Every structure is written in structure tokens, then in C-alpha cells.
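The values are calculated or read from the model by the stated rules, or taken from the named source; none is laboratory data. Since the model is a prediction, treat every value here as computed from it, not as a measurement. Cβ: placed from backbone, ideal geometry, glycine included. Neighbour counts: every protein chain shown. For accessibility, only protein heavy atoms count, side chains too; no ligands or nucleic acids. Shrake-Rupley method; radii C 1.70, N 1.55, O 1.52, S 1.80 Å.
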Amino acid sequence: MKNFKLGVSVAALVMAANAAFAETEITWWHAMGGALGETVNEIAEKFNASQDDYTITPVFKGTYEETLTAGIAAFRAGEQPNVMQVFDAGAATVIGAKGATVPVQDLLSDNGIDFNIEDYIAGVRYFYADSDGKMIGMPFNSSTPIMYYNMDALAAAGVEPPKTWEEFQSTTAPALKEAGYIPLSQSHLPWIFTENFHSRHNLPFATNNNGYDGTDTQILVNNDAIKAHFTAVSEWKENGMFEWYGTGWGDNQTPFEEGKVAIWLGSSGSFGGLSKKDLPFEFSATLLPYWESVTTEPTQTFIGGASLFAMAGKSAEENKATAEFFRFLTSPEIQYFWHAETGYVPITNAAYDLAKSDGHYDRAPAAEVGIQQLSLPGGDNTKGYRMGFYVQIRDVMNREYGRILTGETSVEDAFATIEKEANELLARFAKTQG
């Protein structure tokens, strides 16, 4: 009996010791499928192998919209993950939900991790920040729209990539059309031809500092500059200088990959995927064109993609684990790994410097274009936007842009409709924040 009691005591001590040194487990809900999901899993494995105190488990939750919906439902049920990926259009919903998240800047500082927003590249710093410039969400898969071009097509037409839209419509597009190509397509009209159109030309997109300073916000999309742009785009389509294949991202990227379209406006994050495909031509990329008639000093674009939010309601130990994961994720080595594998931009200056010193851009010059564009001079309207129900607002834009490009409505009427319905949605969102 004495030996049995001794054995029990020893076993209890071992169990207590094991419990004391047990790893803190956290979960990460994300929307990265396919090859991107495999890279997310690899990052998690690298973090878990880098130390013995914490384990992170990534969980794929479907599309951006599905992940956001699942996260909201889980938070209401008190079953939220520690880390949730939220895409750009959903940021206002999460940031506006009081008590739903722990600002990443506070999370890091409270856990003894140095944070300086100036360490992040210029176009990344403030998209997921509050009106005072405090970073709320950690930028993750960050990208910006850039101009990809078929080098063989441009050579056949005897033209260079256009710097301005005036140059495109007067010289580049006619030459490419004559050479047998569709000159231009683009993916995501709201992101590229609306949100970043305003940033590239430093035009206000909404009241209240583009929505950052309050929820009683109204959209300012019904302006002369963008209406002139869409008038030109619809004329290009009529003249065979632009084609729109639908709202699906791949609808417009595929004809470029097939060599039918000479210039495609897409995401800097598409570079990794394009590089791994056996395309029938050489491609490169450069900055988005701008209208010289609108500005002679074009400014930076801002990021799209998504960020990672630390969800509230977790223990101090789990918050510490999340902070350590963010420290690991933003390290130069991991950011460079993510950048090189996927094409998304490295979010910190240190990671960008590491990529340059390693010769990454000597080997793949187009991989640097997104960072170069995000690092252009900024202005009052270049950090992004913060508008609630913006997923639905984008739906309105897509519907009306489709009607413009199929001849069902005029540019004037379409933008009046977008303005009216977007402002109704913004007013509804403001009431939810009261």
C-alpha cells in the first residue's frame, strides 16, 4: 500500500509538471485555399517548430465572406478563434464591433514586443488602423493592383507599357489592337477602377476622412473624374480596346494568361501564381497608369487582401501566444518567405530590405512593382477607406458597372444609383454603431 501511495504521488507530480509546461494552444481561422493554404500551413508549422511554448492551428473556413460570417457567429456564441483573417471590405465590420478585437498594437506592446508603425512599408501602415493611426489589425496577405503586360505582345506592337491613360488610348491600345491583341482587361472594378483610382489620383472617396473619423459617412464616388474614366472605359470597350469578361477574378485573368489580352490589371499578389504557370509568353509588370488630366503628381495606391485580427475574450496566456505568433509572422525571414512564395508584398521595411539584399528583384523585377507603388508619395486620400456594409456596396458597384459595360445604363445614371444605394447602406451601418 505504501508503494502504491508513493507511485500515485510520483505520477501526480509528473502530471503537474507536464501541465506546468504544457504548450498554450491557439487557433487561426483563415480563407486561404489551395497553394496559399499550403503556405499558411507551412508558416504555422515553422512557428510551432521555432519554440516549445505555443502551438497554433490554422483552420480553413472558406471564402473571405464565409470566414467573416463564421467569425461573427462564433464571437456571438463565445467560441471565437484567437486569430481571424478579415478581408479589406470587411474590416469596418470587425473594427466597428465594440469589444470584438484586441488592437494588434496594444497586444504587442502589452506583451513586451516592440512596435513602431514606421517599420511597416508606407502603403500598408494605416489601412487597418483607427483614425488616430493605431494599428488594429495586422496586415497579412497584402497586395495592391498593378499592371501586368505581355512582353511579346508589346514588342510586336512596337510600344512600351503606358504611363498614363492618355498614352494608352492614343498610342498603346490602337497599336496592340492592330497587332491582333485585345489591349486591356482588368479584374475587380471596385478595387482597381474605383477604390485605388481615388488613391492613385489622391481624390476623396468618402466624407469623414474616407470614413476613418466616424460612421456618419457618405460616399463620394459620384464625381467627375471617375465618371470620365468609366466613360472612356466604355468607349474603349466599344472600340475593341478593352474587354470585360465578368465579375469573376479569373474571368479576366485567364484571357491574359492565354495570350489573347496584352495588358491585364490585377493584384501584385498574383505574381507568384503567374510565375509558376507555363505561359506562352514572357510577362512583366509596372505601375498603374493615371490620368494626367486629373493629376500630374500621381500618388501611391493602398493595400487589398486581408489582415489578421486578435479576437477578444481570450486568456492572458493565449493573448501572449497570439502576440508571439505576430512577432514571428512579421519577422523579416517569414515575411520574405511569404512574399517569395505567394507574390504578396512583405509588410515591413526590414523584409523588403532582406528581399533586395538576397537578389530577389534581380531575379524577378516584377515582384517589386507592388512595393514600389505602395511606396510612392502619399496624400490625404491614400491610406484607404473605412466604410461599413462595404461588401454590399461593392455588390452595388459590380452590378452597375456591369450594366454600364453591357449598355444597359449610362455612366451618369449608374453613379447616381451607386451613390444613393451606398449611402443608404452606410446610414444603416451607422445605426448599428449607435
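Couple of notes before you dig in:
- Separation of segment 88-119 from segment 267-291 is 32 Å, based on Cα centroids.
- Angle in degrees between helix 2-20 and the longest Cα principal axis of the chain, rounded to the nearest 10: 20
- About the Cα centre, charge dipole magnitude for segment 85-138 (Lys/Arg +1, Asp/Glu -1 at Cβ), debye: 220
- Put a plus charge on the Cβ of each Lys and Arg, a minus charge on the Cβ of each Asp and Glu, and nothing anywhere else: the dipole of the chain about its Cα centre is then about 1020 debye.
- Principal axis dimensions, the chain - Cα atoms, whole angstrom, descending: 96, 51, 34
- Nearest-ten-degree value, helix 390-405 long axis tilted from longest Cα axis of the chain: 20
- Percent accessible area from carbon and sulfur atoms, the chain, protein chains only, probe 1.4 Å: 50
- For segment 82-99, putting each phi into the Karplus relation 6.51 cos²θ - 1.76 cosθ + 1.60 with θ = phi - 60° gives couplings of 6, 10, 10, 7, 10, 7, 3, 5, x, 4, 4, 4, 6, 5, x, 7, 4, x Hz, in residue order, rounded to whole numbers and with x for Gly and Pro.
- Most positive-pole-ward Cα, A153, F415, Y385, against dipole of the chain from beta carbon charges: Y385
- Translational diffusion of segment 194-323, estimated by Stokes-Einstein from the Kirkwood radius over alpha carbon pairs at 25 °C in a medium of 0.890 mPa s, is 134 µm² per second.
- Potential lengthening between E23 and D358 on full extension [0.36 nm per residue; Cα-Cα distance subtracted]: 117.1 nm
- Ordering 373-386, 66-79 by mean Cβ neighbour count within 10 Å, with the highest value first, yields 373-386, 66-79.
- Ranking A350, G266, S109 by Cα position along the charge dipole of the chain, where only Lys, Arg, Asp and Glu carry charges on their C-beta atoms, puts S109 farthest toward the positive end.
- Filter on K46/K320; K61/K314; K61/K383 - keep pairs with C-alpha separation over 26 Å: K61/K383
- Most fluctuating residue given options A367, A156, A340, as computed from a GNM of the chain linking Cα atoms under 10 Å: A156
- A Gaussian network model of the chain, with springs between Cα atoms under 10 Å, assigns the largest mean-square fluctuation among A89, A366, A316 to A316.
- Packing-based order for 220-230, 261-271, using average beta carbon neighbours within 10 Å, highest first: 261-271, 220-230
- Relative contact order computed over segment 154-292 (Cα-Cα under 8 Å; 6+ residues apart), in percent: 35
- Over the chain, relative contact order from alpha-carbon pairs under 8 Å, at least 6 apart, %: 25
- For the chain, built as a Gaussian network whose Cα springs stay under 10 Å, the top-fluctuating residue of R394, R327, R200: R327
- Dipole magnitude for segment 270-385: about 260 debye, using +1 per Lys or Arg Cβ and -1 per Asp or Glu Cβ, origin at the Cα centre.
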